[in-house]
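Worksheet: one structure, shown below.
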């Protein structure tokens, strides 16, 4: 979970709470980052986004148990030998990065992670008490890579008004969207975001959100502790739709729609891609179908996750943008010799897919699945985060994080078996009521709110407090 604050003088304080379980009941440690930011202008890659630069000046780690404190100290001492001079204790703040602004990582450059600048001031240190000595910057150091911590999300920013919807339409809510993290942890340090993470909400606008309240009151030494949620079986039968306009790297936006048939273990999926962050200007629609099966074991990396294999046996593509039609004409990798027309679906199965768009038929997607319930009793389906570079995964390289949830819906228009026609979502969702699952209603305090948040960053930054529930890799 995250609790972010941005000040009017262009400084920030970021709190990241790390947990050892999927319900966020067991707090492991907290990272506190301080620094400065500067907006640089409109993003040329991601429509509607603003690029920014940031400078880290200080990062501290606070363990919440003796075991975690010992582990963090060992990791820091491995990255920066000799930096840890005494045993770390729980609920104390220990510096893992401290650099003056002229030496701090800036201009979007990743921290070195292995350097330690020896600039000591023994005379000043001797005049301080033990607690002040521990927290005092007696040397410039950068051991941030020991904790695999990256703050490049600050390089991409967007503020938008949250679409009207439950639980309360009367109160306006503004969202802060920060840049995405690379799906592979080893590449996050050099990755510049071109998509967004789960949005944050302003703390003063999160009315009726118990988790938001808990996070807003948290500190580095007192992290939020949520109640354990029941682990539900991964029952995917029925139809599921996106809860909002989603993002993908390189400035792509989309909505998803799936239908699962439990009896014969078949699935149908539709991905509608758009050119804008409001998902109002469609560019193309990709549809696929096939069979799915559950593996014999649960995920060994993500607690509570269930592994599924999705076989892609059929696919079609409907292009809705004239420029894209011109690019596909004559491309032998997508229907050799075929003629593309705007709004006319084309079957990709005979041509074995369309490799420029990453569609391969037949193929197998190795997925990670989790089913939860929100406070209103609606069933939510979480599926694995796609690879940022769109690389194919093997059965042992499944996702270790989740996308935004899909919501179970009982009153959508029929799903076309031949993928040739879907009504526009704006036409269907106006009268689309989302019904709760009667047997799975749970209380608010034990609910799984996929976005629990607060905040605001905009061309005019306001002093705000941000927080978000985040499913991350382990």
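The values are calculated or read from the model by the stated rules, or taken from the named source; none is laboratory data. Values in this document were obtained by computation on a predicted structure and should not be read as measured data. Note that each Cβ is placed from the backbone with ideal geometry, even for glycine, and that neighbours are counted across all protein chains shown.
Descriptive notes on the structure:
- Checked against (1) crowded, with 17+ Cβ neighbours inside 10 Å; (2) not in a helix (DSSP H, G or I), residue 44 passes all but condition (1).
- Taken over region 301-320, the criterion of being outside any strand (DSSP E or B) and modelled with pLDDT under 95 is satisfied by 301, 302, 303, 304, 305.
- Checking 255, 285, 247 one by one, the residue that is over 17 Å from the mean Cα position of the chain (by Cα), buried (at least 20 other Cβ atoms within 10 Å of the Cβ), assigned by TED's automatic domain parsing to the domain that holds residue 370 and assigned to a strand (DSSP E or B) is 285 and no other.
- Among the residues of region 327-336, some residue qualifies, meaning at least one is assigned to a strand (DSSP E or B), over 31 Å from the mean Cα position of the chain (by Cα) and surrounded by 17 or more Cβ atoms within 10 Å (Cβ to Cβ).
- Every residue from region 204-228 that is surrounded by fewer than 18 Cβ atoms within 10 Å (Cβ to Cβ) and either closer than 19 Å to residue 63 by Cβ or in contact with a helix residue (DSSP H, G or I) (Cβ under 6 Å, 6 or more places away or on another chain) (or both): 219, 221, 222, 225
- Every condition in (1) modelled with pLDDT under 95; (2) under 16 Å from residue 236 (Cβ atoms); (3) surrounded by fewer than 17 Cβ atoms within 10 Å (Cβ to Cβ) is met by residue 339 except one, and the failing one is (2).
- The residue of region 362-383 that is nearest to the chain's Cα centre (by Cα), among those that are within 28 Å of residue 407 (Cβ to Cβ) and in a loop (DSSP other than H, G, I, E, B), is 374.
- Among the candidates 181, 176, 200, residue that is buried (at least 18 other Cβ atoms within 10 Å of the Cβ), at pLDDT 85 or above and in contact with a helix residue (DSSP H, G or I) (Cβ under 6 Å, 6 or more places away or on another chain): 181
- Some residue of region 10-30 being over 21 Å from the mean Cα position of the chain (by Cα) and in the same structural domain as residue 154 (by TED's automatic domain parsing): yes
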